[in-house]
Amino acid sequence: MMMKKEGKILDMSVIPHYQVSPEISGIYDYHKLAPLVDRVTLMTYEWYKTTLFF
């Protein structure tokens with residue numbers, strides 16, 4: 001990759017496939033992305049539902 005020749009790395013942030021609908025998590029094919037990036041970061045935000053009053 002040209003970026004490596006310039007001393008740069010490519011980091012991609014993805015959502016985990018855990019407790020996420022396939023329609024959402026399916027947009028990331030980890031096996032196809034792996035050869036293209038140097039590092040993968042999993043976005044592991046806390047997901048919770050709160051009661052909202054409108």
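Of all residues in the range 2-13, those being modelled with pLDDT of 80 or more and either within 16 Å of M43 (Cβ to Cβ) or not charged (D, E, K, R) (or both) number 6. Answer yes if at least one residue in the range 14-35 is at pLDDT 80 or above, in contact with an Asp or Glu (Cβ under 9 Å, 6 or more places away or on another chain) and open to solvent by less than 70 Å² (accessible area, probe 1.4 Å), and no otherwise. No: zero hits. For beta carbons closer than 9 Å, sequence separation of 6+ or different chains, a first residue in the range 18-35 that is in contact (Cβ under 8 Å) with a residue 12 or more places away in the chain and a second that is open to solvent by 100 Å² or more (accessible area, probe 1.4 Å), the qualifying pairs are Q19/W47.
The values are calculated or read from the model by the stated rules, or taken from the named source; none is laboratory data. Predicted model only: the values in this text are computed from it and were never measured. Please note: Cβ atoms are built from the backbone with ideal geometry, for glycine as well, and neighbour counts cover all protein chains shown. Side chains are part of the model used for accessible areas, which takes the heavy atoms of the whole protein and leaves out ligands, DNA and RNA. Shrake-Rupley method; radii C 1.70, N 1.55, O 1.52, S 1.80 Å.
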